[in-house]
1. Could you size up the charge dipole of region 284-467 around its Cα centre, putting +1 on the beta carbon of Lys and Arg and -1 on that of Asp and Glu, and report it in debye to the nearest 20?
2. May I ask you to order 190-196, 298-304 by the average number of other C-beta atoms within 10 Å around their residues, highest value first?
3. Assign one of three labels to region 284-467, namely rounded, prolate or oblate, based on the Cα gyration tensor with a ≥ b ≥ c the square roots of its eigenvalues; rounded applies when a/c is under 1.5, prolate when it is not and a/b is larger than b/c, and oblate otherwise.
4. With point charges of +1 on the Cβ of Lys and Arg and -1 on the Cβ of Asp and Glu, referenced to the Cα centre of region 211-361, which listed residue (Val316, Thr296, Val328) lies farthest in the positive direction of the dipole?
5. Asn257's amide H: which non-local residues (gap 5+, or another chain) put their own amide H closer than 5 Å, with H modeled 1.01 Å from N in plane and none for Pro or chain starts?
6. By DSSP, what percent of the beta bridges with both residues in the chain are antiparallel, rounded to the nearest 5?
7. So who's got an amide H within less than 5 Å of the one on Ile214, skipping anything under 5 residues away but keeping other chains? H placed 1.01 Å off N, in plane.
8. Give the long-range amide H neighbours of Leu150: residues separated by 5 or more places, or on another chain, with amide H under 5 Å away, using H modelled in the peptide plane at 1.01 Å from N.
Amino acid sequence: MSKSRTSYVCQACGAVYQRWQGKCDACNEWNSILEEAAVSGQSAPLQGGARLKKGKVFKLEGLSGAAHDAPRLPSGIDELDRVTGGGFVRGSVILLGGEPGIGKSTLLIQAAAALARTGQRCIYISGEEAAAQVRLRAQRLGLNDAPVELASETSVEDILATLSVGGAPRLVIIDSIQTMWTDVIDAAPGTVTQVRASAQALIRYAKASGAAVILVGHVTKDGQIAGPRVVEHMVDAVMSFEGDSGHQFRLLRAVKNRYGATDEVGVFEMTSSGLAEVANPSALFLAGRDPRHSGTAVFAGMEGTRPLLCEIQALVTQSGLPTPRRAVVGWDQNRLSMVLAVLEAHGGIRLGQHDVYLNVAGGLKILEPAADLAVAAALLSSLSGNPLPADTVYFGEISLSGAVRPVTHSGIRLKEAKKLGFRRGVLAEAGSEQIETHGTDATALRRIADLVAELAVGALNRQQRARAVESSSRDR
């Protein structure tokens with residue numbers, strides 16, 4: 001017989017204390033520690049699953065030879081398969097997080113419908129909506145003919161008993177893990193103890209049955225998945241569904257993936273009929289770009305193995321404040337401060353009395369340092385008022401010494417730029433002679449001062465050409 005004991009658990013980070021206190025020492029949150037009755041000892045056995053016998057081991061070659069099914073199960077959505085590493089691994093558990101209304105449920109119901117149409121058993125369990133409401137959303141998306149099994153339940157024991165009836169499902173979607181509760185824990189649903197225990201029971205079921213389980217998680221105000229951080233360590237993959245309410249783009253990123261890369265990104269577009277895959281995201285992020293205005297530069301970036309071109313916008317204005325403003329959207333603000341310091345120290349550009357605003361168009365978030373050169377070019381263009389060449393892309397890392405450092409996959413970046421009509425690329429000089437340019441004109445820079453000189457010469461040449469055209473028109 002298991003014994004119940006009382007513990008005090010922080011609802012923000014999951015830290016456990018023996019007595020109540022006002023502030024959590026682990027996450028520094030106030031009034032987040034609540035009393036919970038936990039159970040010490042063995043939990044209830046998993047319904048429908050087999051318990052591992054003591055002393056029983058398996059041979060590695062025996063496991064590979066006995067596997068008759070494919071190790072991965074493609075979802076039918078290419079962008080989702082790209083992020084997961086080629087499909088759902090059997091017996092894996094994925095935690096999907098995202099802001100409310102971003103499209104998590106829409107993406108999962110589309111994936112379940114695509115998989116169910118191939119003859120696989122898929123079960124969608126909602127703890128927030130009734131089955132009729134889920135069916136209504138599927139009907140709006142045109143998925144009402146897909147043989148997806150729906151259920152509305154929050155008890156983990158009832159869910160496991162239902163899953164054990166009939167053939168083993170290939171995909172189980174739990175929406176969401178914060179609404180689940182188990183009889184083993186005497187606590188309210190959504191608490192740290194309940195979320196941890198419910199996730200552990202579902203993970204045990206996934207490993208025993210071979211079904212791929214997707215857990216939907218809520219996010220906090222700062223964008224982190226709510227609940228104990230230990231749940232992220234328990235699952236096999238953690239994916240983040242990002243987007244901006246002002247744009248129709250949605251980005252699916254893998255924060256953690258035991259069976260694939262964590263730097264891949266899937267691009268979707270929210271339409272009236274659901275989420276649509278974006279085969280060429282570079283053209284989508286550059287749509288509506290006007291190269292005649294100053295302060296814009298095209299960055300040739302990489303998201304995993306995929307080249308991605310996007311527009312970086314900068315605005316530099318004279319500041320009337322004692323401390324000039326630095327506002328950044330879609331990039332690291334500390335990185336911007338570093339680029340501004342290098343431009344002033346090694347490029348001779350004085351920006352200390354200017355307000356600087358930087359934005360990555362389309363709601364995209366750039367994480368790689370290769371965007372330093374494009375940001376510097378956009379800042380110089382906005383400061384001088386001269387637009388950059390419309391057929392040029394920029395990529396390269398700027399060091400604190402003022403040197404322009406090379407980045408990886410330069411040939412792939414230039415190939416993608418050539419595909420979209422860009423004929424020139426500005427990059428680092430080191431190693432540029434071994435790069436395949438794919439027909440583009442590569443301009444190699446050694447230091448940040450070379451970029452300043454090149455933009456100054458280019459602006460002078462454009463002004464001279466404009467004066468020549470104006471004088472010839474007057475002569476006519």
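1. Rounded to the nearest 20 debye, it is 400 debye.
2. Taking the mean over residues of other Cβ atoms within 10 Å, the ranking is 298-304, 190-196.
3. Since a/c stays below 1.5, the shape of region 284-467 is classed as rounded.
4. Going by the charge dipole, the pick is Val316.
5. The list, which skips near neighbours in sequence, is Val238.
6. Values: 49 of 88 bridges.
Antiparallel bridges: around 55 percent, rounded to the nearest 5.
7. Under 5 Å from the amide H of Ile214: Ile94, Val172, Ile173, Ile174.
8. Placed amide hydrogens put Tyr124 under 5 Å from Leu150.
Read the figures in this text as sums done on the coordinates, not as results from a lab. All values derive from a computational prediction rather than experimental measurement. Positions of Cβ are backbone-derived with ideal geometry, glycine not excepted, and every protein chain shown enters the neighbour counts.
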